[in-house]
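The values are calculated or read from the model by the stated rules, or taken from the named source; none is laboratory data. As the structure is a computational prediction, the values presented were derived from the model and not from experiment. Every residue, glycine as well, gets a Cβ built from its backbone with ideal geometry; the counts of neighbours run over all protein chains shown. Quick note on the areas: whole protein, heavy atoms, side chains included, nothing else; ligands and nucleic acids left out. Shrake-Rupley method; radii C 1.70, N 1.55, O 1.52, S 1.80 Å.
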Amino acid sequence: MFIEQGVHSQNKFWKYLIGSAVIIIASFVGQLPWLLGITYATTVKGVHYSSSSNDMMHFFDPNLTLFFILISFVFTLGGIYFVVRYLHNQTMRSVTTARSKIDWNRVFFSFSLWALFTIVSTLFFYYTNPDGFVLNFKPVSFAILVIIGTLLIPIQTSTEEYIFRGYLMQGFGNLVKHKWFPLLMTSIIFGAVHFGNPEVSKLGNIIFVYYIGTGLFLGLLTLMDEGMELALGFHAANNLIGSLLVTSDWSAFQTHSIFKNISEPEAGLDVILPVVVIYPILLFIFSKKYQWTNWKEKLTGKIKAQDSNTI
């Protein structure tokens, strides 16, 4: 069982507090290249800069800014590996899946399914509301975006999945031996860490319905499928395809995408619809394909500790 792989007698919850601190420090270290770049530009080249988050996002070319944002996740992922391997004496596979090895077919199926939906829905919104979009396509800049995005966005999304659906899911399983608690807590924390996103100030707190709902959906995928593969594929498709297709002045990723959304954002169906309609449909598709059963036990059942200290 996936969540039980991190639950054993020596894996006390205080270790997860220390591990989380190490991961946060690794994330801060990963942000140093961005800060050094800003320092160099302001002190050596005399470029004007204010400390507002909006200024930081527009200080460099979007491709360079995206690179600086994403490269920090490489350091964070390294921090996760260090903590899992040397603090908890586990393998990375043990916080990825309950299978004997990672099922890449699951990752690619989930990625393809959500990528197709994202492309179709984006084109639908474009053709039904052409005044809300402008063509933003610049061949050279877009090609660079494709390279940066393809190499680094899956690392960014995988890092978030390893933190929430892997590391913390098992960590809260050590704290409370019932599966509903790790599912609920990781979903709430996943929503909370997006508090600083520019979408929050633009759309209001209702956006947390989407963030927490998405965290809950990814947690359901992980527990029902006994592994993160489906969550990894979905998250990668959501961020990568989205960043290639559409950007806006108020989105977290400022990119040289194909389209730019210039409409005034409103928190309505685009926030609620995925959580109450689209995600349940996806759960149904996955459940039929992978023949999920015993939902109550997998989502709310008791967590049994493992005897082995090394997994």
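In terms of packing, defined here as the mean over residues of other Cβ atoms within 10 angstrom, the peptides 128-134, 67-73, 114-120, 5-11 line up highest first as 67-73, 5-11, 114-120, 128-134. In this structure the chain gives 49 Å² per residue of accessible area when probed at 1.4 Å with all protein chains present. Rounded to the nearest whole Hz, the Karplus-based 3J(HN,Hα) values (6.51 cos²θ - 1.76 cosθ + 1.60, θ = phi - 60°) of segment 293-301 follow the sequence 9, 6, 4, 4, 5, 6, 9, 10, x, with x at glycine and proline.
Taking a straight line from the alpha carbon of Lys298, these lysines sit under 29 Å away, with near neighbours fewer than eight places off in the same chain left out: Lys12, Lys15, Lys101, Lys177, Lys179, Lys288, Lys289. Residue separation of Val47 and Lys101 scaled by 0.36 nm, minus their Cα-Cα distance, works out to 14.5 nm of gained length. Once the Cα-Cα distance is subtracted from the 0.36 nm per residue extended length, the Leu269 to Leu17 segment shows a gain of 87.0 nm. Rounded to 0.05, the FRET efficiency of the His178 and Ser287 pair, given R0 = 22 Å and the Cβ-Cβ distance, is 0.50. Which option, [x] 21.3; [y] 20.6; [z] 21.9, is the value of Kirkwood radius over Cα pairs in Å that was calculated from these coordinates? Correct label is [y].
With the helix formula -39500 (n - 2.57) applied to DSSP H stretches of n ≥ 4, the chain reaches a computed 222 nm mean residue ellipticity of -19500 deg cm²/dmol. Name the shape class, rounded, prolate or oblate, that the alpha-carbon gyration tensor gives for segment 55-152, where a ≥ b ≥ c are the square roots of its eigenvalues, rounded holds for a/c under 1.5, and otherwise prolate holds if a/b is larger than b/c and oblate otherwise. Oblate. Between the amide H of Thr97 and those of Met228, distances stay under 5 Å, these residues lying 5 or more places away or on another chain, with hydrogens modeled in the peptide plane. Of Tyr127, Tyr81, Tyr279, the residue with the largest accessible area leads and the full order is Tyr127, Tyr81, Tyr279 (1.4 Å probe). Amide H contacts under 5 Å for Phe133: Ile262, restricted to partners 5 or more places along the chain or on a different chain, H placed in the peptide plane at 1.01 Å from N. Could you please state, rounded to a whole Å, how far the C-alpha centre of segment 64-127 is from the C-alpha centre of segment 185-248? First find each Cα centre; the distance between them is then 12 Å.
Projecting the Cα positions of Val134, Trp250, Pro280 onto the charge dipole of the chain (unit charges on Cβ atoms of Lys, Arg, Asp and Glu, taken about the Cα centre) puts Pro280 furthest along the positive direction. Using a/c under 1.5 as the rounded threshold, could you call segment 95-204 rounded, prolate or oblate? The axes a ≥ b ≥ c are square roots of the C-alpha gyration tensor eigenvalues, and prolate needs a/b larger than b/c, oblate otherwise. Because a/c hits 1.5 or more and a/b exceeds b/c, segment 95-204 counts as prolate. Counting only Cβ charges, +1 for Lys and Arg and -1 for Asp and Glu, the dipole size of segment 1-149 around its Cα centre is about 580 debye.
Each of Ala236, Thr39, Leu116 was placed along the dipole of the chain (beta-carbon charges, centred on the mean Cα), and the one lying farthest toward the positive end is Ala236. In terms of its C-alpha gyration tensor, segment 197-311 has a prolate overall shape, because the principal axis ratio a/c (a ≥ b ≥ c, square roots of the eigenvalues) is not below 1.5 and a/b outweighs b/c. Put Lys138, Lys15, Lys296 in order of accessible area, highest first, and with a 1.4 Å probe you get Lys296, Lys138, Lys15. Among beta bridges identified by DSSP and lying wholly in the chain, the antiparallel ones come to about 60 percent. Here segment 155-205 is treated as a sphere whose radius is the Kirkwood value from Cα pairs; by Stokes-Einstein at 25 °C and 0.890 mPa s it diffuses with a coefficient of 207 µm²/s.
Heavy-atom surface analysis with a 1.4 Å probe gives the chain a carbon and sulfur content of 68 percent of its accessible area. For the pair Thr300 and Tyr127 in one chain, pulling the backbone fully straight at 0.36 nm per residue adds 57.9 nm over the alpha carbon distance.
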